[in-house]
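Enquirer: Have a look at this one.
The values are calculated or read from the model by the stated rules, or taken from the named source; none is laboratory data. Quantities reported herein were computed from a predicted structural model and do not represent experimental measurements. Cβ atoms come from the backbone with ideal geometry, glycine included; neighbour counts cover every protein chain shown.
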Amino acid sequence: MRHRYLTADVFTDRIFGGNQLAVFPDGRALATPEMQQAAREFNFSETVFVLPPDSPAHTRRLRIFTPQAEVPFAGHPTIGTAFVLASIGELRLEGEWTRFVLEEEAGPVPVRVRARDGRPVFAELVAPRPPEFGPPPPARADLAAMLSLDPEDLLDEPRGPQGVSCGLPFLLIPLAGRDAVRRAWLRLEVWEKMLALYWSPHVYVFAFDAEHSGHDLRARMFGPAVGVAEDPATGSAATALGGYLGIRDPRRNGTLRFIVEQGFEMGRPSLLEIEVHKNEGAITEIGVGGASVMVSEGTMEIP
């Protein structure tokens, strides 16, 4: 049986940048093993299968697969799927901003799509859960060895490593600068001993040292636990980063904004925009958004 799919580049405003995404706009005829096989065939960081929502108050239900496993929440698939469905008329846009709610395993995810001349140009999601903070991370020297870096390349408290989740857990590891981010490379044999069974096996390194004016941070994500050696843009990690930055920022009220560079070392430059809303010192909402562009359309023969 032939199944329609579309692909998009997410967190970029130009083709061949950002993070690749495949979307099957109607996944009702596919079973879980077939979804996993299709995702493995694309070999993108994620592939999405769109289903009718469980709740009539919501817009669609998403199942998200890496080449190796299904994940409960992911940012670039959420944003990219909203963009794709709006582009092909599956989601109706009304005015400049249109709000949808997409169901994922981690919970309902509010999404807003911005339109220009009736076409989508930007989408942002709200993290499905407030930030949760994990147990103490491994020692800084051990993390440095895992990343092929020197201990001095890793920051210490108050900006030390921390596990954070807004639906998918990441170990956030702040580095001394952009050069350390560039040099970082995950040693799988060390990762397997240290993090494979840790609360947050996904590794997100970043530095407060962006390359381009107007941006705030540079980041990379390594996800061997789900079959992703390196990800060009990771929206779920950006929500976790929003939690990390939000609890450390002394401002008690208002909206904190950050722009993150990711994927530059892979030749797929991506920009992720983070908003952290605070009230009386508490984080009330974390949003992540970016642009997307359509790339291709086709059908896949799935027996």
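Enquirer: For the range 60-96, which positions are polar (S, T, N, Q) and surrounded by fewer than 24 Cβ atoms within 10 Å (Cβ to Cβ)?
Expert: Passing the criteria: THR66, GLN68, SER87.
Enquirer: Determine, yes or no, whether PRO232 is under 19 Å from LEU125 (Cα atoms) and either surrounded by fewer than 23 Cβ atoms within 10 Å (Cβ to Cβ) or modelled with pLDDT of 95 or more (or both).
Expert: Yes, satisfied.
Enquirer: In addition: Would you be able to tell me the number of residues in the range 1-28 that are assigned to a loop (DSSP other than H, G, I, E, B) and in contact with a His (Cβ under 7 Å, 6 or more places away or on another chain)?
Expert: 1
Enquirer: Moving on. When you scan the range 41-67, how many residues do you find that are of a type outside the set (S, T, N, Q), assigned to a loop (DSSP other than H, G, I, E, B) and touching a Pro at 6+ places or on another chain (Cβ under 7 Å)?
Expert: Qualifying residue count, the range 41-67: 1.
Enquirer: Scan the range 86-127 residue by residue and report those that are farther than 16 Å from GLU275 by Cβ, in contact (Cβ under 8 Å) with a residue 24 or more places away in the chain, not in a strand (DSSP E or B) and not hydroxyl-bearing (Ser, Thr, Tyr).
Expert: Scanning the range 86-127 gives ALA86, ILE88, GLU90, LEU91, LEU93, GLU105, ALA106, GLY118.
Enquirer: So which pairs qualify, if the first residue must be in the range 131-146 and on the phi < 0 side of the Ramachandran plot and modelled with pLDDT of 95 or more, the second must be part of a helix (DSSP H, G or I) and among the aromatic types (Phe, Trp, Tyr), the Cβ gap must be under 6 Å, and the two must be at least 6 apart or on different chains?
Expert: That search, which allows pairs on different chains as well, returns MET146/TRP191.
Enquirer: Got a sec? Which of PHE44, PHE49 is in contact with a Lys or Arg (Cβ under 6 Å, 6 or more places away or on another chain) and either surrounded by 19 or more Cβ atoms within 10 Å (Cβ to Cβ) or over 23 Å from ALA291 (Cα atoms) (or both)?
Expert: PHE49
Enquirer: I need a count of the residues in the range 203-220 that are surrounded by fewer than 24 Cβ atoms within 10 Å (Cβ to Cβ), of a type outside the set (Ser, Thr, Tyr) and out of contact with any Lys or Arg (no Cβ under 7 Å at 6 or more places or on another chain).
Expert: Counting residues in the range 203-220 that are surrounded by fewer than 24 Cβ atoms within 10 Å (Cβ to Cβ), of a type outside the set (Ser, Thr, Tyr) and out of contact with any Lys or Arg (no Cβ under 7 Å at 6 or more places or on another chain) gives 6.
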